[in-house]
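> Before anything else, here's the structure in question.
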Amino acid sequence: MEYNVPIKRVLISQEQIQKRAAELGEQISKDYAGKAPVIVGILRGSILFFADLVRNIKIDCSFDFMSLSSYNGGTSSSGKVRLNLDLREDIKGKDVIIVEDIVDTGLTANYLFNLLNTRQPSSIALCTMLDKPSNREIPFKPTYTAFTIENEFVIGYGLDYNEIYRNLPFIGVFDESKK
Ligand code: 5GP
(Lines give C-alpha, C1' and ligand atoms only; values in the text may rest on other atoms or scores of the structure.)
Protein backbone atom coordinates (compact mmCIF):
# COMPACT_ATOMS: atom_id res chain seq x y z
CA MET A 1 0.00 0.00 0.00
CA GLU A 2 1.32 3.44 -0.88
CA TYR A 3 1.21 6.35 1.55
CA ASN A 4 1.66 9.71 -0.16
CA VAL A 5 3.33 12.15 2.18
CA PRO A 6 4.09 15.83 1.49
CA ILE A 7 7.86 15.86 1.81
CA LYS A 8 10.69 17.30 -0.28
CA ARG A 9 13.04 14.56 0.88
CA VAL A 10 13.76 12.13 3.67
CA LEU A 11 16.15 13.86 6.03
CA ILE A 12 16.83 11.13 8.60
CA SER A 13 15.95 7.44 8.36
CA GLN A 14 14.55 5.21 11.09
CA GLU A 15 17.86 3.29 11.14
CA GLN A 16 19.85 6.47 11.70
CA ILE A 17 17.53 7.57 14.53
CA GLN A 18 17.64 4.19 16.23
CA LYS A 19 21.43 4.09 15.98
CA ARG A 20 21.74 7.50 17.66
CA ALA A 21 19.11 6.56 20.28
CA ALA A 22 21.24 3.51 21.14
CA GLU A 23 24.38 5.65 21.45
CA LEU A 24 22.62 8.23 23.62
CA GLY A 25 21.00 5.51 25.77
CA GLU A 26 24.46 4.07 26.36
CA GLN A 27 25.84 7.49 27.25
CA ILE A 28 22.96 8.23 29.65
CA SER A 29 23.40 4.81 31.31
CA LYS A 30 27.05 5.70 32.01
CA ASP A 31 26.38 9.30 33.09
CA TYR A 32 23.63 8.23 35.51
CA ALA A 33 25.20 5.00 36.81
CA GLY A 34 24.11 4.42 40.42
CA LYS A 35 21.16 6.80 40.02
CA ALA A 36 17.56 6.15 39.02
CA PRO A 37 16.52 9.07 36.81
CA VAL A 38 12.96 10.04 35.96
CA ILE A 39 12.67 10.09 32.17
CA VAL A 40 10.12 12.74 31.24
CA GLY A 41 8.63 12.41 27.75
CA ILE A 42 7.09 15.55 26.29
CA LEU A 43 3.87 14.64 24.54
CA ARG A 44 3.08 14.15 21.85
CA GLY A 45 6.10 14.60 19.61
CA SER A 46 8.73 12.73 21.60
CA ILE A 47 7.07 9.35 22.00
CA LEU A 48 8.73 7.46 19.12
CA PHE A 49 12.20 8.71 20.03
CA PHE A 50 11.40 8.21 23.75
CA ALA A 51 10.59 4.54 23.10
CA ASP A 52 13.84 4.03 21.14
CA LEU A 53 15.91 5.82 23.75
CA VAL A 54 14.58 4.13 26.90
CA ARG A 55 15.06 0.66 25.41
CA ASN A 56 18.76 1.49 25.47
CA ILE A 57 18.93 2.83 29.01
CA LYS A 58 20.42 0.07 31.13
CA ILE A 59 19.97 1.44 34.64
CA ASP A 60 16.87 1.76 36.85
CA CYS A 61 14.63 4.60 35.73
CA SER A 62 10.99 5.65 35.87
CA PHE A 63 8.79 7.32 33.27
CA ASP A 64 6.61 10.38 33.52
CA PHE A 65 4.99 12.60 30.90
CA MET A 66 4.04 16.20 30.27
CA SER A 67 2.19 17.84 27.43
CA LEU A 68 3.05 21.31 26.20
CA SER A 69 2.21 23.27 23.12
CA SER A 70 3.76 26.25 21.41
CA TYR A 71 2.72 25.65 17.80
CA ASN A 72 -0.88 26.25 16.80
CA GLY A 73 -0.89 23.44 14.30
CA GLY A 74 1.02 25.31 11.59
CA THR A 75 4.70 25.58 10.80
CA SER A 76 5.80 28.36 13.14
CA SER A 77 5.82 28.87 16.91
CA SER A 78 3.09 30.95 18.53
CA GLY A 79 5.72 32.33 20.91
CA LYS A 80 3.71 31.23 23.96
CA VAL A 81 4.07 27.92 25.76
CA ARG A 82 1.01 26.28 27.27
CA LEU A 83 1.05 23.47 29.82
CA ASN A 84 -1.64 20.92 28.91
CA LEU A 85 -0.65 18.04 31.19
CA ASP A 86 1.65 18.07 34.20
CA LEU A 87 3.84 15.35 35.77
CA ARG A 88 2.18 12.70 37.93
CA GLU A 89 5.09 12.31 40.34
CA ASP A 90 6.97 14.65 42.67
CA ILE A 91 10.49 15.23 41.31
CA LYS A 92 11.98 16.76 44.46
CA GLY A 93 15.48 15.34 44.96
CA LYS A 94 15.27 13.30 41.74
CA ASP A 95 17.45 13.34 38.62
CA VAL A 96 15.25 14.36 35.72
CA ILE A 97 15.95 13.74 32.04
CA ILE A 98 13.49 15.49 29.72
CA VAL A 99 13.04 13.87 26.30
CA GLU A 100 12.02 16.27 23.52
CA ASP A 101 11.31 15.83 19.81
CA ILE A 102 12.96 19.08 18.75
CA VAL A 103 14.43 22.23 20.27
CA ASP A 104 13.64 25.12 17.94
CA THR A 105 13.24 28.66 19.40
CA GLY A 106 14.20 27.29 22.82
CA LEU A 107 11.02 28.70 24.41
CA THR A 108 9.60 25.30 25.41
CA ALA A 109 12.88 24.05 26.86
CA ASN A 110 13.40 27.29 28.75
CA TYR A 111 9.85 27.14 30.13
CA LEU A 112 10.35 23.53 31.19
CA PHE A 113 13.65 24.17 32.97
CA ASN A 114 12.20 27.16 34.84
CA LEU A 115 9.07 25.28 35.84
CA LEU A 116 10.76 22.04 36.91
CA ASN A 117 13.56 23.83 38.76
CA THR A 118 10.97 25.34 41.14
CA ARG A 119 10.24 21.75 42.27
CA GLN A 120 13.80 21.25 43.50
CA PRO A 121 14.98 18.24 41.52
CA SER A 122 18.53 17.04 42.17
CA SER A 123 19.37 17.69 38.50
CA ILE A 124 17.70 18.36 35.16
CA ALA A 125 19.01 17.40 31.71
CA LEU A 126 17.37 17.45 28.30
CA CYS A 127 17.81 14.91 25.53
CA THR A 128 16.43 15.94 22.15
CA MET A 129 15.99 14.00 18.92
CA LEU A 130 16.55 17.16 16.84
CA ASP A 131 18.15 20.53 17.45
CA LYS A 132 17.58 23.58 15.21
CA PRO A 133 20.07 26.00 16.81
CA SER A 134 19.80 28.59 14.01
CA ASN A 135 16.21 29.43 15.02
CA ARG A 136 16.84 30.14 18.74
CA GLU A 137 15.11 33.06 20.41
CA ILE A 138 16.39 32.11 23.87
CA PRO A 139 19.88 30.64 24.33
CA PHE A 140 19.58 26.96 25.21
CA LYS A 141 21.94 24.03 24.79
CA PRO A 142 20.46 20.51 25.07
CA THR A 143 22.46 18.12 27.24
CA TYR A 144 22.11 15.33 24.64
CA THR A 145 21.28 15.80 20.94
CA ALA A 146 20.70 13.04 18.42
CA PHE A 147 20.82 15.27 15.30
CA THR A 148 21.41 18.95 14.56
CA ILE A 149 19.42 20.17 11.54
CA GLU A 150 19.02 23.30 9.41
CA ASN A 151 16.10 25.68 9.87
CA GLU A 152 13.54 23.65 7.88
CA PHE A 153 10.12 22.44 9.02
CA VAL A 154 10.20 18.67 9.41
CA ILE A 155 7.56 16.00 9.93
CA GLY A 156 7.53 12.36 10.96
CA TYR A 157 8.87 10.22 13.78
CA GLY A 158 6.54 11.98 16.22
CA LEU A 159 6.56 15.38 14.55
CA ASP A 160 3.30 16.61 13.04
CA TYR A 161 1.74 19.02 10.63
CA ASN A 162 -1.76 19.78 11.97
CA GLU A 163 -1.53 16.61 14.09
CA ILE A 164 -0.92 14.38 11.04
CA TYR A 165 2.25 12.52 9.95
CA ARG A 166 3.50 11.72 13.47
CA ASN A 167 3.42 8.04 12.47
CA LEU A 168 5.96 8.30 9.62
CA PRO A 169 8.91 6.00 10.35
CA PHE A 170 11.44 8.66 9.23
CA ILE A 171 11.97 12.43 9.43
CA GLY A 172 11.21 14.33 6.22
CA VAL A 173 11.36 17.96 5.14
CA PHE A 174 7.75 19.15 4.82
CA ASP A 175 6.58 20.35 1.40
CA GLU A 176 3.59 22.67 1.77
CA SER A 177 2.89 22.60 -1.98
CA LYS A 178 2.28 18.83 -1.93
CA LYS A 179 -0.28 18.73 0.84
P1 5GP B 1 10.41 25.63 20.61
O2 5GP B 1 9.65 26.00 21.85
O3 5GP B 1 11.84 25.23 20.87
O4 5GP B 1 10.32 26.72 19.57
O5 5GP B 1 9.67 24.48 19.89
C6 5GP B 1 9.44 23.28 20.41
C7 5GP B 1 8.25 22.62 19.75
O8 5GP B 1 7.88 23.21 18.51
C9 5GP B 1 8.60 21.20 19.43
O10 5GP B 1 8.40 20.37 20.55
C11 5GP B 1 7.68 20.91 18.27
O12 5GP B 1 6.42 20.48 18.74
C13 5GP B 1 7.53 22.22 17.56
N14 5GP B 1 8.44 22.30 16.39
C15 5GP B 1 9.55 23.05 16.27
N16 5GP B 1 10.15 22.86 15.06
C17 5GP B 1 9.37 21.95 14.41
C18 5GP B 1 9.46 21.32 13.11
O19 5GP B 1 10.37 21.53 12.30
N20 5GP B 1 8.46 20.43 12.82
C21 5GP B 1 7.43 20.14 13.66
N22 5GP B 1 6.53 19.27 13.25
N23 5GP B 1 7.34 20.72 14.88
C24 5GP B 1 8.29 21.61 15.25
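The values are calculated or read from the model by the stated rules, or taken from the named source; none is laboratory data. Being a predicted model, the structure only gives us computed values, none of them experimental. Because the Cβ atoms are built from the backbone with ideal geometry, glycine has one as well, and the counts that use them run over all protein chains shown. Heavy atoms of the whole protein, side chains included, go into the accessibility calculation; ligands, DNA and RNA do not. Shrake-Rupley method; radii C 1.70, N 1.55, O 1.52, S 1.80 Å.
> Just to be sure I understand the filter: pairs with C-beta atoms under 7 Å, separated by 6 or more residues or on different chains, first member in segment 91-109 and in contact (Cβ under 8 Å) with a residue 60 or more places away in the chain, second member open to solvent by 10 Å² or more (accessible area, probe 1.4 Å) and hydroxyl-bearing (Ser, Thr, Tyr). Which pairs pass?
Asp95/Tyr32; Asp95/Ser122; Asp95/Ser123; Thr108/Ser70
> Near the ligand (Cβ under 10 Å from one of its atoms), closer than 19 Å to Glu23 by Cα and not in a helix (DSSP H, G or I): does that describe Thr145?
No, not satisfied.
> Which of the numbered conditions does Arg119 fail, given that it passes all the others? Conditions: (1) under 16 Å from the mean Cα position of the chain (by Cα); (2) at negative phi; (3) free of Cβ contacts under 8 Å to residues at least 60 places away in the same chain.
Just one mismatch for Arg119, condition (1).
> Restricted to segment 36-58, and to residues that are in contact (Cβ under 8 Å) with a residue 24 or more places away in the chain and loosely packed, with under 15 Cβ neighbours inside 10 Å, which residue is nearest to the ligand (Cβ to nearest atom)?
Arg55
> Right, something else. Look at Leu130 and say whether it is assigned to a strand (DSSP E or B), aliphatic (A, V, I, L, M), within 9 Å of the ligand (Cβ to nearest atom) and under 21 Å from Ser67 (Cβ atoms).
Spelling it out, Leu130 is indeed assigned to a strand (DSSP E or B), aliphatic (A, V, I, L, M), within 9 Å of the ligand (Cβ to nearest atom) and under 21 Å from Ser67 (Cβ atoms).
> Something else about it: List pairs: first in segment 125-140 and farther than 19 Å from Leu159 by Cβ and open to solvent by less than 10 Å² (accessible area, probe 1.4 Å), second more than 9 Å from the ligand (Cβ to nearest atom) and assigned to a loop (DSSP other than H, G, I, E, B), Cβ under 7 Å, 6+ apart or cross-chain?
Ala125/Thr143
> Look at Tyr157 and say whether it is buried (at least 22 other Cβ atoms within 10 Å of the Cβ), hydroxyl-bearing (Ser, Thr, Tyr), under 19 Å from Val10 (Cα atoms) and in contact (Cβ under 8 Å) with a residue 24 or more places away in the chain.
Here the answer is yes, as Tyr157 does meet what is asked.
> Still on this model: I'd like the full set of residues that are more than 17 Å from the chain's Cα centre (by Cα) and crowded, with 17+ Cβ neighbours inside 10 Å, limited to segment 59-109.
Within segment 59-109, Cys61, Ile91, Lys94, Asp95 meet the criteria.
> Follow-up question, since we're still on this one. Determine which single condition Glu26 fails, assuming it passes every other condition in (1) under 15 Å from Phe147 (Cβ atoms); (2) in a helix (DSSP H, G or I); (3) in contact (Cβ under 8 Å) with a residue 12 or more places away in the chain; (4) open to solvent by 10 Å² or more (accessible area, probe 1.4 Å).
Status for Glu26: all satisfied but (1).
> Is it true that Pro6 is in contact with a Cys (Cβ under 6 Å, 6 or more places away or on another chain), open to solvent by less than 10 Å² (accessible area, probe 1.4 Å) and not charged (D, E, K, R)?
Judged against the criteria, Pro6 is not a match.
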